[in-house]
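The values are calculated or read from the model by the stated rules, or taken from the named source; none is laboratory data. All values reported here derive from a predicted model rather than from experimental measurement. Note that we place each Cβ from the backbone using ideal geometry, even for glycine, and neighbour counts take in every protein chain shown. The accessibility values were calculated without ligands, DNA or RNA, using every heavy atom of the protein model including side chains. Shrake-Rupley method; radii C 1.70, N 1.55, O 1.52, S 1.80 Å.
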Amino acid sequence: MAIVAGEGELRLGDVDLSAARSVLASLGADGAESLAHLSTSDTIELLAGLNGISAAIAAVQARALLRLETATKEDCLARGAKPRVALRTARAEAAFALHAAPAAAGQSMSSSRRLVQSMPGMLSALAGGKVSPAAVHRVGRVVGPASPRLRTQVDDVLTEHLPYLEGCGVQEWGSEAEKIMQTLDPDGAAARHVRATQSRGVTVRRSENGMSRVTATLTALDGARIRKGLSLAAEKARAHGDRRGHSQIMADLFADTLIGRGTGDAPTTMEIGVIITDRSLFAPAHADPAVIEGLGPVPYEHIREEMRCAMGTGDDDPDLRLALRNLYIDPEDGQLVAVESRSRAFPPALSRFLRWSHLTCRAPYCDAPIRQNDHITPYAEGGSTSVDNGNGLCALDNQKEEAGVRARVVRDADGTRRSVEWTTRYGQKARRRGTNFDPVGTAWRTLRGRNPHADQGTSASPSRNDDAEQRDVEQRPVAEVPTHDGDFLEGWTARTLDDVARKWEREAPEPSSHASTHRGLHRIALAGFTAHHRRDSLNRQRLTLQARCDYVFDAAAALEAGRWRSVDG
């Protein structure tokens, strides 16, 4: 395709984009009689078409930014400039071309480079309008610290999950990429977390209309504690008749506590939900990210020290420091599953479960914190108070009926809830699932299902001789699982939890070491938990215990075996 780009001229092949831009500029500036008389349905189609064009332009812009960076750096280096100067020159040129600050232009350029060079699946999804530009570039920023090979692996998993990520907000797209990246590279996630703690800080900036904005960069658990504490105090004040809004009370308590104005908020005991997989507890070398209630995924390393302190000896009641609960995920889509209640109001345990399984508002494209639990099928219409019929929503989206929006549960052939479909008054539809706490595992199992021979050469029950016990998990036979590009997730294998945790049981760790924490937890629960649905079971679910870990991955072994494809950049 020939590209002609000059002052006042832009042509791609036979398409004159300059003329199209002039038409759009005129329509935007002056309007048109035909636009003023469009019906609601036609206007919706117009907006959808323009949104698709914007996404395609964003994909082309990503490639153009990479080309601008490459061409500028080549020219500067040819002139004898240093590489750092060449990069700054490229960013400056991008800033002027995009009418953006140099810092913002540099972020866009870096994100575009990662997408073009290492994440073809996400770039294709952007070009096809399946993902918004904001979501794609959020993913590009999240994978910034990763190697090109790891970014490609993240791209493979995200591409496999594109149908299931429909309706996700920008924040959840970033969280999904972060979970996958930390699962594939737990050691790297721990190192990145240690480095990130060095960036702690507080900034205060002017806002509009005489207001200011305070931003504190803290560890995730401290942030969750602050948010939960302020939220509980605000709910308590509202219950006692305070007429201020929930967020207003939180802001006032935040300021009162910091500057010593008034009484502030008295410390209180509160529960912070942290979800950790069995792999993380029993096989820390293959740890998944932990997920903090209302906040999202964090490296397991961030949670490990907190758990060690909580399990240590002390004067306080240990039950107030650490409470362990078994949660179950659906092996097909990674969503949490549980039982139902007969009451109209969601009881505390079920309400907590919805907060944990949904993390943020489940309305399409919304990332707001959960404030209320909603009956998808209204209770007055026979809807049950259950996980299947429950949705965690923000206060605004819980008023969806007033806007003419309806929601319904989407089930699979076995009657299991998979998603929730939202429909507007004029027929627009979008679907949103619960949080997938095992994105890599669900992708792996989906691909194994497509290839019935994937397990050939893989031993799910390895021999128990001494030599085998001394081997690390990554040295065992692996199942090669072909995918859309032929080598996705090669290097994965099914292993029992006893197998992957055996080395922790063999060792005699010092009481202060991390290993003692895992050893103690292994005594508490000796098996992993997998939920299998049965239509005829109690509460439509049968929870069976299996002493197996669905999959184990070792990046070093995969690289050593040459199973990750080489990626430029």
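Summary of computed values
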{"quantity": "Residues (touching a Leu at 6+ places or on another chain (Cβ under 7 Å) and open to solvent by less than 20 Å² (accessible area, probe 1.4 Å)) located in the stretch 360-373", "calculated": "361, 362, 363"}
{"quantity": "Of the criteria (1) surrounded by fewer than 22 Cβ atoms within 10 Å (Cβ to Cβ); (2) assigned to a helix (DSSP H, G or I), which one residue 144 fails", "calculated": "(2)"}
{"quantity": "Condition check for residue 57: within 28 Å of residue 25 (Cα to Cα), among the β-branched types (Val, Ile, Thr) and in contact (Cβ under 8 Å) with a residue 60 or more places away in the chain", "calculated": "no"}
{"quantity": "Residue within the stretch 230-241 that is loosely packed, with under 12 Cβ neighbours inside 10 Å and part of a helix (DSSP H, G or I) present", "calculated": "yes"}
{"quantity": "Criterion (in contact with a helix residue (DSSP H, G or I) (Cβ under 7 Å, 6 or more places away or on another chain) and open to solvent by less than 50 Å² (accessible area, probe 1.4 Å)) met by exactly one of 94, 32, 20", "calculated": "94"}
{"quantity": "Selection within the stretch 369-388 - under 23 Å from the mean Cα position of the chain (by Cα) and outside any strand (DSSP E or B)", "calculated": "370, 371, 387, 388"}
{"quantity": "Some residue of the stretch 276-285 being β-branched (Val, Ile, Thr), at pLDDT 70 or above and either closer than 27 Å to residue 396 by Cβ or not in a loop (DSSP other than H, G, I, E, B) (or both)", "calculated": "no"}
{"quantity": "Only listed residue being in contact with a strand residue (DSSP E or B) (Cβ under 9 Å, 6 or more places away or on another chain) and closer than 30 Å to residue 325 by Cβ, chosen from 207, 212, 231, 199", "calculated": "231"}
{"quantity": "Selection from the stretch 149-160 of residues that are farther than 19 Å from residue 195 by Cβ and open to solvent by 10 Å² or more (accessible area, probe 1.4 Å)", "calculated": "149, 159, 160"}
{"quantity": "Residue match in the stretch 123-134 (condition: open to solvent by 30 Å² or more (accessible area, probe 1.4 Å) and touching a His at 6+ places or on another chain (Cβ under 7 Å))", "calculated": "no"}
{"quantity": "Some residue of the stretch 163-171 being of a type in the set (Asp, Glu), in the same structural domain as residue 57 (by the TED database), under 28 Å from residue 410 (Cα atoms) and part of a helix (DSSP H, G or I)", "calculated": "no"}
{"quantity": "Helices (runs of 4 or more DSSP H) fully within the stretch 32-136 counting 2 or more residues that are basic (Lys, Arg)", "calculated": "40-78, 83-98, 102-118"}
{"quantity": "Residue check for residue 412: buried (at least 19 other Cβ atoms within 10 Å of the Cβ) and under 20 Å from residue 423 (Cβ atoms)", "calculated": "no"}
{"quantity": "Counted residues, the stretch 215-225 - those being in contact with a strand residue (DSSP E or B) (Cβ under 9 Å, 6 or more places away or on another chain) and in contact (Cβ under 8 Å) with a residue 24 or more places away in the chain", "calculated": "5"}
{"quantity": "Residue in the stretch 332-352 that is at pLDDT 85 or above, of a type in the set (D, E, K, R), surrounded by 17 or more Cβ atoms within 10 Å (Cβ to Cβ) and not in a strand (DSSP E or B) present", "calculated": "no"}
{"quantity": "Residue among 192, 205 that alone is more than 16 Å from the chain's Cα centre (by Cα), of a type in the set (Lys, Arg) and within 23 Å of residue 293 (Cα to Cα)", "calculated": "192"}
